[in-house]
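To start, the structure under review is shown below, and the notes come after it.
The values are calculated or read from the model by the stated rules, or taken from the named source; none is laboratory data. Remember, it's a predicted structure, so these values are computed and weren't measured experimentally. Using ideal geometry, Cβ is built from the backbone for each residue, glycine included, and neighbour counts are taken over all protein chains shown. Accessible surface is based on the protein model in full, side chains and every heavy atom, while ligands, DNA and RNA are left aside. Shrake-Rupley method; radii C 1.70, N 1.55, O 1.52, S 1.80 Å.
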Amino acid sequence: MPSISKKGRSMPESPIRKLVPFAEDARERGVEVIHLNIGQPDIKTPQVALDAVKNNTIEVLSYSRTEGTDQYRKKIANYYAKHDIKVTHKDIIVTTGGSEALAFAMGSIADSEDEIIIPEPFYANYNGFAVAAGVNVVPVVSNIEDNFALPPIEAFEACITPRTKAILICNPGNPTGYLYTREEIKKLAKLVLKYDLFLVADEVYREFAYDGAQHYSILQEGELDDHAIIVDSVSKRYSMCGARIGFLVTRNKAVIQAALKFAQARLSPPTYAQIASEAALETPQSYFDAVIKEYVGRRNILLEELAKIPGIKVGNPQGAFYCIVELPIKDADDFAQWLLEKFEVNGKTVMVAPAAGFYATEGLGKNQIRIAYVLEKEQLISAVAILKQALNTYPKA
């Protein structure tokens, strides 16, 4: 038969979704699966966004502009202005999710075999986007002992070669929940200016900063006009993962022009989703205040319950809604599958995301999992209790 492409063979599986068939089998056996594996918030989508679609009177569902409607992009620019990020609508391309924004960014700034430096662990799909773009990921390791803080800037500098095009960060981080400080962002800014690189920041969790900390965007660094590219999305901010609306934001006009050509190839972002996302910009601050309070409470409960399990290490997230947990086992992939195939407590089990898929360095994260605390507190308590029993039962050989 005809052969599959090298890219097709090299595309990594999602560590988050590859266990889905085992979860489905468990449900067919009558086992309730508590999902700690995926960042799908259970927070209600703002009603104003849902009503904008329900009450719309469109008679012809036509294409929008390739870069998104002017009206929506101007409102997005106003949103950024409230966060001390000064851009115009011409600096914004609306994309089909933050994923497409990142794919456009990689395609616009890097050629085949070019390199992008990323602190790991990182969002697993960065590996997939890089393979699709023919880009080589150069990882810089951050450690659970340091709560996954930015690695020493010297570690980044040691990785820079003539093929290096960018440094990519996620802030706050998925899967770690780490929130980079202003000082850490300034260190990166200084480095990319020194070597004339791009600094790409996935800022989709911007609103979710805890314990009085403030998110600091790379576009708040005035000297980075030609270097900074933001990847953003409505998915987590408004609990609108299914809308598939994101943004690429940069003041670099050449990047916008290049990304627009990629966007033209897919014609336009979805019309109804833009309508809902535009309406979501009217969401009051009280919504975010309540959501942040809820997530802080969930995080605290999760950390308290995990602390009762002997032999584990846990990162302490300051943002987003994830944490990395290091378990007293050798193979988290095997453990995660075993949980779904062979373990239950009173008809329940848990589904976790093995963390090895969030690393690019072979062998790292093998005994770690990512937990998404997007469930109600009682569910989190129940899930951790099941996890504790599972670790006591799991064959250690």
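Could we say that Arg266 is open to solvent by less than 20 Å² (accessible area, probe 1.4 Å) and of a type in the set (Lys, Arg) here?
On the way: open to solvent by less than 20 Å² (accessible area, probe 1.4 Å): no; of a type in the set (Lys, Arg): yes.
Spelling it out, it is not the case that Arg266 is open to solvent by less than 20 Å² (accessible area, probe 1.4 Å) and of a type in the set (Lys, Arg).
Could you identify the single residue in Thr393, Thr349 that is β-branched (Val, Ile, Thr) and open to solvent by 40 Å² or more (accessible area, probe 1.4 Å)?
Of the residues listed, the single one that is β-branched (Val, Ile, Thr) and open to solvent by 40 Å² or more (accessible area, probe 1.4 Å) is Thr393.
Taking only pairs six or more apart or across chains, which ones have beta-carbon atoms under 8 Å, a first residue in the range 222-235 that is within 30 Å of Tyr272 (Cβ to Cβ), and a second residue that is among the polar types (S, T, N, Q) and open to solvent by 10 Å² or more (accessible area, probe 1.4 Å)?
Note: pairs meeting the criteria are Ile229/Asn252.
Out of the residues in the range 124-142 that are modelled with pLDDT under 95 and not in a helix (DSSP H, G or I), state the one that is nearest to Asn316 (Cα to Cα).
Residue satisfying both the conditions and the ranking: Ala124.
Could you list, in sequence order, the residues of the range 175-186 that are out of contact with any Ser or Thr (no Cβ under 9 Å at 6 or more places or on another chain) and open to solvent by 10 Å² or more (accessible area, probe 1.4 Å)?
Residues satisfying the conditions are Leu179, Tyr180, Thr181, Arg182, Glu183, Glu184, Lys186.
Within the range 361-397, work out how many residues are in contact (Cβ under 8 Å) with a residue 60 or more places away in the chain, among the small types (Gly, Ala, Ser) and farther than 22 Å from Arg298 by Cα.
Residues that pass the stated criteria total 1.
Inspect the range 150-160 for any residue being open to solvent by 40 Å² or more (accessible area, probe 1.4 Å), closer than 25 Å to Ala77 by Cα and among the acidic types (Asp, Glu) and give the result as yes or no.
No, every residue in the range 150-160 fails to be open to solvent by 40 Å² or more (accessible area, probe 1.4 Å), closer than 25 Å to Ala77 by Cα and among the acidic types (Asp, Glu).
Would you check which residues across the range 253-263 are open to solvent by less than 20 Å² (accessible area, probe 1.4 Å) and either free of Cβ contacts under 8 Å to residues at least 60 places away in the same chain or polar (S, T, N, Q) (or both) and list them?
none
Does the range 324-340 contain at least one residue that is closer than 30 Å to Ile92 by Cβ and over 21 Å from the mean Cα position of the chain (by Cα)?
No, every residue in the range 324-340 fails to be closer than 30 Å to Ile92 by Cβ and over 21 Å from the mean Cα position of the chain (by Cα).
Return the only residue of Ser99, Ser62, Ser108 being in contact (Cβ under 8 Å) with a residue 12 or more places away in the chain, within 29 Å of Pro354 (Cα to Cα) and either part of a helix (DSSP H, G or I) or of a type outside the set (Lys, Arg) (or both).
Only one candidate qualifies: Ser99.
Provide a single number: the residues in the range 146-196 that are more than 20 Å from Gln220 (Cα to Cα) and touching a residue at least 60 places away in the same chain (Cβ under 8 Å).
The number of residues fulfilling the criteria is 6.
Out of curiosity, is Ile167 in contact with a Leu (Cβ under 8 Å, 6 or more places away or on another chain), farther than 30 Å from Ala49 by Cβ, at pLDDT 95 or above and hydrophobic (A, V, I, L, M, F, W, C)?
yes
Look at the range 315-364 and say how many of its residues are farther than 18 Å from Val141 by Cβ and aliphatic (A, V, I, L, M).
Result for the range 315-364: 11.
Would you check which residues across the range 235-261 are assigned to a strand (DSSP E or B) and either at pLDDT below 95 or hydrophobic (A, V, I, L, M, F, W, C) (or both) and list them?
Phe247, Leu248, Val249
Return yes or no: is Gln285 modelled with pLDDT under 95 and among the polar types (S, T, N, Q)?
Numbers: modelled with pLDDT under 95: yes; among the polar types (S, T, N, Q): yes.
Judged against the criteria, Gln285 is a match.
Answer yes or no: is there a residue in the range 45-59 that is of a type in the set (A, V, I, L, M), touching an Asp or Glu at 6+ places or on another chain (Cβ under 6 Å) and open to solvent by less than 100 Å² (accessible area, probe 1.4 Å). Spell out how you get there, then give the answer.
First pass over the range 45-59, keeping only residues of a type in the set (A, V, I, L, M): 48-50, 52-53, 58.
Now drop any that are not touching an Asp or Glu at 6+ places or on another chain (Cβ under 6 Å), which leaves 48.
Subsequent filtering for residues that are open to solvent by less than 100 Å² (accessible area, probe 1.4 Å) retains 48.
So far as the range 45-59 goes, yes, one or more of its residues are of a type in the set (A, V, I, L, M), touching an Asp or Glu at 6+ places or on another chain (Cβ under 6 Å) and open to solvent by less than 100 Å² (accessible area, probe 1.4 Å).
Just checking, does the range 192-210 include any residue being part of a helix (DSSP H, G or I), surrounded by fewer than 23 Cβ atoms within 10 Å (Cβ to Cβ), among the charged types (D, E, K, R) and at pLDDT 95 or above?
Yes: one or more hits.
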